Amino acid sequence: MNITAVRKADPDHGAVAPPSHRGSALLLSALALAAVTLGAPRLIGELHALTARDVVQATLNRTPTPAADLDVAAAELAAAERWSGAAEYKLDRGLILLRRALAAADPQERTALFTAAEQATAAGLMTAPGEPGAWTRLAWLRRQRGDIDGALAALRLSWLSGAFTPVLMESRLEFALSLQSAMNEEMLSLLRRQVRLVWVISPDFVTRLVANGSAGALVGEALSELSEQELSRYLALHGAKR
């Protein structure tokens, strides 16, 4: 048999299949639909959170906010959390609920709000553990209901996740000193380190703590452990003024 003749007689031999434009379009449409479908919950969550953003910022700035605005913000953040599950919405809701609890006049309502704030904060930290401010908030919430061991555990994680966080360090140190008597040696070592770190950037604040009697001998002990690096940083920041 003549192979050449067979090849010439075969209309499909050597032919290149033309691209299926319709198939490509359908695939692209399917991918686009999937992207929109998957992104929709996050987008809806963002829209709910947008309503609460100004209240969250006001709370961070310690600006007085009406209770009704706090309630609306907490509800919007809960909706945002349901749609997207993002940790930031849980943490922001925990912050709002704490502020709302502090403003509540009814003891039962305050307790319920503290509980909700603790639950929201703990849930957010499960997926976003690198938030030292949220760990400190959790420590405070645990302490106010009498869970000292839980408070110390959360405080430890606050220090480990952000030992040098200037916006947080002064208030966190004051809070930590209130738990000093319950600390083991590891926590006391971390506390003394915090005293040194705060002293490096804000020596007057640490001096006031001593004057107010809230630090006692701990500050002297902490400063006796100053490293050369800490002293160098202190001198770089304050040497010319002292």
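The values are calculated or read from the model by the stated rules, or taken from the named source; none is laboratory data. These numbers were taken from a predicted model, which means no experiment stands behind them. Heads up, the Cβs are rebuilt from the backbone with ideal geometry, glycines too, and the neighbour counts pull from every protein chain shown. Heavy atoms of the whole protein, side chains included, go into the accessibility calculation; ligands, DNA and RNA do not. Shrake-Rupley method; radii C 1.70, N 1.55, O 1.52, S 1.80 Å.
Assorted remarks:
- Breaking point among (1) open to solvent by less than 20 Å² (accessible area, probe 1.4 Å); (2) not in a helix (DSSP H, G or I), for Gln194: (2)
- Selection count, the stretch 77-99, where residues are under 15 Å from the mean Cα position of the chain (by Cα) and open to solvent by 40 Å² or more (accessible area, probe 1.4 Å): 4
- Long-range neighbours under 6 Å by Cβ, at least six apart or interchain, first residue assigned by the TED database to the domain that holds Pro166 and open to solvent by 10 Å² or more (accessible area, probe 1.4 Å) within the stretch 202-215, second part of a helix (DSSP H, G or I) and not hydroxyl-bearing (Ser, Thr, Tyr): Phe205/Glu170; Val210/Val219; Ser214/Leu177
- Yes/no for Glu230 being part of a loop (DSSP other than H, G, I, E, B) and either acidic (Asp, Glu) or touching a strand residue (DSSP E or B) at 6+ places or on another chain (Cβ under 6 Å) (or both): no
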